[in-house]
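A short worksheet on the structure shown next.
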Amino acid sequence: MKRFAFVCFPVCLLLFFSAPVVFAAGSAAPSPSANAQAPQAVKPAPDKPEKGVDRVTVVTVQHEGSDSIGANLAMRLKERFNQSNLFTLNDDEEKDIPKLRLLISTEPEFPGRPNVGSIYSACWVFSQGKGYLGYLLSRDLGAATADDISALVNRLAERTDGIAARYSSLWK
């Protein structure tokens, strides 16, 4: 073992000191190729942000139900889709364009106390156009109170975007 160490140690030293010094602090002269390149002009940042996503999904929200919490949910979903850059809200059934229909059905959780909570069902359906049979993409079921509406709207909008991204080949 000692013989091996006596043979390897000088070889390692020889390799270490014969290698060029790459990270010398200020002692290395710049290479000629670095001087030959002209400094490139830096592009200024744009005044307004560019659109980051190249897909925009046409969405229709259809609500069925008579409870106030469900009506509030459907209205806030429409507002969210209308304000988003990822979606175009389209409630016109006469237009013959491919779209993602979000079907919301709501009922009061307790019929004797309609403002306590609401049971909702959400179905995401792809529609090629007027007269075509819809294609069920996903569904969701749950309960919500008036305090939960904001979080539920965010979750349903996020899920809608995920479904649109997953099935983006249907819109082409």
Separation in nanometres of the label points that stand 7 Å from Cα toward Cβ, at Arg55 and Ser138: 1.2 nm
Roll a 1.4 angstrom probe over the protein heavy atoms and tell me the percent of accessible area of segment 57-170 that is carbon or sulfur. 49 percent
Between Val116 and Lys95, what FRET efficiency comes out of the Förster formula 1/(1 + (r/R0)^6) with R0 = 35 Å and r the beta carbon distance, rounded to 0.05? 0.35
If you average the alpha carbon positions of segment 149-168 and of segment 56-119, how far apart do those two centres end up, in angstrom? 12 Å
If you place +1 on the Cβ of every Lys and Arg, -1 on the Cβ of every Asp and Glu, and leave all else neutral, what size is the dipole of segment 57-170 about its Cα centre, to the nearest 20 Debye? 300 debye
Using only Cα atoms, what is the ratio of the radius of gyration of segment 57-170 to 2.2 N^0.38 Å? 1.06
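The values are calculated or read from the model by the stated rules, or taken from the named source; none is laboratory data. All values reported here derive from a predicted model rather than from experimental measurement. Cβ atoms come from the backbone with ideal geometry, glycine included; neighbour counts cover every protein chain shown. We work out accessible area using only protein heavy atoms, side chains counted, and drop any ligands, DNA or RNA first. Shrake-Rupley method; radii C 1.70, N 1.55, O 1.52, S 1.80 Å.
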